[in-house]
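Some notes on the structure that comes next.
Computed from the coordinates by the stated procedures, all read-outs in this text should not be read as laboratory data. None of the values given here were measured: they were computed from a predicted structure.
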Amino acid sequence: MVLTSTVLPGATGGQLLPVLEAASGKKCGQDFGLCYNPEFIALGSVIRDMLNPDLVLIGESDARAGAMLEQIHRVLCDNTPHFAHLNFVNAELSKLAVSTFSGTTTERLRPPGTSVSATFPRSPETVMELPS
């Protein structure tokens, strides 16, 4: 099962997961997998952004569920994006942080028609690093 909507930190594992297990009578990680997979898309370029993401963020209940979702993206994407596999809360926080940063900074700084990665050529792992 995959949740793609932007949610507050703690929502996937703390609210959705218990409801799914109770309703299905099944155990997450054993009987089914759950992933949080928000999209990074801009209005006016939804299809292009979905097919050519810079980053695919996967919050996963277990490695098997995350690997299955990554494989789906590898087939659907026209490019070869970076895949970040995280736990639910870190993925939820990362989505909010990237969206906030992108919405307040990159739209004003990057030239029209360029990607965030072309303007800020840093790997996704280093974007969240704090200066020493």
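What list of ³J(HN,Hα) values in whole Hz, one per residue of the range 77-87 in order, does the Karplus curve 6.51 cos²θ - 1.76 cosθ + 1.60 (θ = phi - 60°) give from phi, with Gly and Pro shown as x?
6, 7, 10, 10, x, 7, 10, 10, 9, 9, 6
Once amide H atoms are built 1.01 Å from N in the peptide plane, which residues 5 or more positions from residue 86, or in another chain, come under 5 Å H to H?
Correct list: 58, 59, 60.
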